[in-house]
1. Return the residue satisfying two criteria in turn: it lies in the range 173-219 and is of a type in the set (A, V, I, L, M, F, W, C) and assigned to a loop (DSSP other than H, G, I, E, B), and of such residues it is nearest to T161 (Cα to Cα).
2. Restricting to the range 53-81, give me the number of residues that are touching a Lys or Arg at 6+ places or on another chain (Cβ under 9 Å) and closer than 15 Å to N34 by Cβ.
3. Taking only the range 61-110 into account, find how many residues are in contact with a strand residue (DSSP E or B) (Cβ under 7 Å, 6 or more places away or on another chain) and among the acidic types (D, E).
4. If T155 meets every condition in (1) in contact with a Lys or Arg (Cβ under 9 Å, 6 or more places away or on another chain); (2) hydroxyl-bearing (S, T, Y); (3) modelled with pLDDT of 90 or more apart from one, which number is that one?
5. Going by what's in this entry, would L202 be described as farther than 20 Å from Y322 by Cβ, assigned by TED's automatic domain parsing to the domain that holds P303 and under 16 Å from the mean Cα position of the chain (by Cα)?
6. Which numbered condition trips up L295, out of (1) assigned by TED's automatic domain parsing to the domain that holds E210; (2) in a loop (DSSP other than H, G, I, E, B); (3) of a type outside the set (S, T, Y)?
7. Quick one: which strands (runs of 3 or more DSSP E) sit completely within the range 1-68 and have at least 1 residues that are charged (D, E, K, R), touching a Pro at 6+ places or on another chain (Cβ under 6 Å) and modelled with pLDDT of 90 or more?
Amino acid sequence: MHKEILVIDDNPDIRFLICNILKEQNFNVRSAANYDQAVIEINKKLPDLALVDIKLDKEDKDGIDLLKLIMSKNKSTPVIVISGHATVQVAVEAIRLGAYEFIEKPFSTEKILNYVNRGLETASLKQEKNIIENKLFHSFELIGKSPSILKIKKTIDKLATSESRILISGPTGSGKELVARKIHKNSNRSKEPFVILNAALLKEKTYEKELFGQEFEDGNISFGALERANRGTLLIDEVSEIPIETQANVLRVLIDQKFKRINGSKDINVNIRLISSTSKNLKTLIAEGKFREDLFHRLNVVPLELISLTQRTEDIPLLIEYFREKLSDINGVPKAKIDISNDNLYTYNWPGNVRELRNLVERVTILSSNESKESINKLMDDILASSTLDKNDKSLIERSFAEPLKEAREHFEKEYLTIQLKKNHGNISKTANFIGMERSALHRKLKSLGIKGIN
């Protein structure tokens, strides 16, 4: 498919010249002779590349304004700015606002074609990069057959046509962003932007700027997450990190569906679906005076709770097989020969949850191509801790010597049975058979030790 280029210049001779140069190279070319025509063409369809003259027919509008318009629609669109009498300041300003290149008149055919081809090539590389990044993330599904995952999947399906606000809670690495993306993908807003604002990564004084945007004295605008997500979905990741002062302004947006940019005087109306996520207990933060209760109730219309990987160990084999397949394709190497019966996979604590498991599979996939299953097991044993005990704790044996026999025996039995249950994904019959105990007796023992059901 031939690339489409928009040429904007009020000089008919120059416009005709540039158009002919480009048509000879088999580009599809549109043109605009003035500012108003340019706006119509840009709004009709965004080109693959635009050549924009600085000086146009309007006194109060020029090529810089058209550059801003194109950037507001797609920052990846290359714009080559042309001028016959521009100052260095204008050139610098154009580049700062996102222009790919700045060309002074007169120019040669070679120069025009060189800049156009380079601009299109750069845009193409950016597009490929975005496709790969999307593939890396979007190709991953919510994998599992545990009751908690099946429930989440059903809820995502039910939310497809809903506009309700959603609060996703769960430990780090449990898949909160993945769930949010799946909700957006299934919704009526799927073709509109999906914008992520990670509140945990923002500096203390930048929250309002990142959310609401800012207007500057020179007329330039920095668009915030709310505006960039208009008509689409905004995910506020780690919403608990938003300062209490800013929370009041977020609440106001949710009530009014409008806001003002910093230093702005005009109301900006927005239509967004808000999804929030947190790894902290917001009710605890409310009690501590660190989170507004009224904002919590606005965000928590539909609560979704993700559990840790250690609470759904039956999903580990499915996750490993899925990651093996995907990561092998992505990295162009054979699938790793991972032994899913390796006990360490089920007794390890997984503080990073599913994300940590994926990282492990990726590491093993890259480092152990063509290695034997035994070698890979050894590699995993070296990576993972050999027990679920906290590394900072004294070993079970060491602690046992400091306790009376009864307590030491109880602690050992509790640790031992917990590990065996995890290895068998909570299956009582399999555990009882392995340890040589009657099923009913094991039930009584678990109850006496205070061990509840383990997935």
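The values are calculated or read from the model by the stated rules, or taken from the named source; none is laboratory data. If you're wondering where the values come from, they're calculated on a predicted model, not measured in any experiment. Positions of Cβ are generated from backbone atoms using ideal geometry, with glycine treated the same way; all protein chains shown enter the neighbour counts.
1. As a first pass, look at the range 173-219 and keep what is of a type in the set (A, V, I, L, M, F, W, C): 178-180, 183, 194-197, 199-202, 211-212, 216.
Next, from what is left, pick out any that are assigned to a loop (DSSP other than H, G, I, E, B): 202, 216.
Numbers: L202: 32, F216: 39 Å.
The qualifying residue nearest to T161 (Cα to Cα) is L202.
2. First pass over the range 53-81, keeping only residues touching a Lys or Arg at 6+ places or on another chain (Cβ under 9 Å): 53, 62-63, 65, 76, 78.
Among the residues that remain, those that are also closer than 15 Å to N34 by Cβ are: 53, 62-63, 65.
Total meeting the criteria: 4.
3. The qualifying residues number 2.
4. Exception for T155: condition (1).
5. Numbers: farther than 20 Å from Y322 by Cβ: yes; assigned by TED's automatic domain parsing to the domain that holds P303: yes; under 16 Å from the mean Cα position of the chain (by Cα): yes.
Answer is yes for this residue.
6. Among (1) assigned by TED's automatic domain parsing to the domain that holds E210; (2) in a loop (DSSP other than H, G, I, E, B); (3) of a type outside the set (S, T, Y), L295 violates only (2).
7. On the way: elements: 4-8, 28-32, 49-53.
Hits in the range 1-68: 4-8.
Conditions (1) over 20 Å from K423 (Cα atoms); (2) hydrophobic (A, V, I, L, M, F, W, C); (3) surrounded by fewer than 15 Cβ atoms within 10 Å (Cβ to Cβ), marked per residue:
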position: I316; (1), (2), (3): no, yes, no
position: E325; (1), (2), (3): yes, no, yes
position: P334; (1), (2), (3): yes, no, yes
position: I338; (1), (2), (3): no, yes, no
position: Y346; (1), (2), (3): no, no, no
position: W350; (1), (2), (3): no, yes, no
position: L360; (1), (2), (3): no, yes, no
position: R363; (1), (2), (3): yes, no, no
